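Asks: Questions regarding the structure given below will be posed in turn.
The values are calculated or read from the model by the stated rules, or taken from the named source; none is laboratory data. The model shown is predicted, which means the values in this text are computed figures rather than measured ones. Quick reminder, even Gly has a Cβ in these numbers, built from the backbone with ideal geometry, and neighbours come from all protein chains shown.
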């Protein structure tokens with residue numbers, strides 16, 4: 001890249017450092033988000049393998065319901081790209097809805113699940129709650145810094161996702 005500063009390389013270098021630093025912090029935030037999503041998936045897979053149950057033909061079990069709700073929450077936290085657009089969806093209010101459904105499931109099934117199922121649900125909830133807090137903090141910080149505008153819609157402009165926490169952070 002060429003330098004555009006009046007004094008040669010020094011003036012051209014400063015904006016690169018700022019841009020690179022900003023890019024690095026965004027990349028680090030994305031890396032941490034993906035690591036949290038990965039750990040939630042690993043916890044789910046480990047619990048399934050401990051139970052000796054994968055998803056094969058047969059009746060739908062509690063693990064399948066947990067997996068569905070976890071994957072939906074992760075999608076709305078931006079961990080899984082939208083299959084149609086290929087862009088991450090960040091809609092924390094929808095993620096919270098799925099996390100709250102998992103919490104309701106945990107409360108209503110207390111004492112009726114196996115130890116493995118209880119651990120799976122508990123770990124998934126813990127990981128998703130941590131990820132939710134991290135993403136909402138990131139979105140709120142980006143709004144405060146003017147990087148994104150409040151009310152920017154996630155989900156490709158779908159109605160009902162406007163508000164301070166419904167903004168879409170830049171995805172690289």
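Asks: Looking at the range 70-88, I want the residues that are over 16 Å from residue 139 (Cβ atoms) and have a partner that is at pLDDT below 90 and in a loop (DSSP other than H, G, I, E, B) with Cβ atoms under 7 Å, at least 6 apart or on another chain. Which pairs are those?
Replies: 81/87
Asks: Within the range 56-85, can you find the residues that are assigned to a loop (DSSP other than H, G, I, E, B) and more than 15 Å from the chain's Cα centre (by Cα)? Lay out the reasoning, then the answer.
Replies: Taking the range 56-85 and keeping what is assigned to a loop (DSSP other than H, G, I, E, B), we get 56-61, 82-85.
Those that are assigned to a loop (DSSP other than H, G, I, E, B) and more than 15 Å from the chain's Cα centre (by Cα): 56, 57, 58, 59, 60, 61, 83, 84, 85.
Asks: Only residues that are surrounded by 21 or more Cβ atoms within 10 Å (Cβ to Cβ) and farther than 25 Å from residue 61 by Cβ: list them for the range 89-110, please.
Replies: 89, 90, 91, 92
Asks: I'd like to check something: does the range 127-136 contain any residue that is within 16 Å of the chain's Cα centre (by Cα), assigned to a loop (DSSP other than H, G, I, E, B) and at pLDDT below 95?
Replies: Checking the range 127-136: not a single residue is within 16 Å of the chain's Cα centre (by Cα), assigned to a loop (DSSP other than H, G, I, E, B) and at pLDDT below 95.
Asks: Check off (1) touching a helix residue (DSSP H, G or I) at 6+ places or on another chain (Cβ under 7 Å); (2) at pLDDT below 95; (3) surrounded by fewer than 19 Cβ atoms within 10 Å (Cβ to Cβ); (4) part of a helix (DSSP H, G or I) for residue 53 and give me the number that stays unchecked.
Replies: (4)
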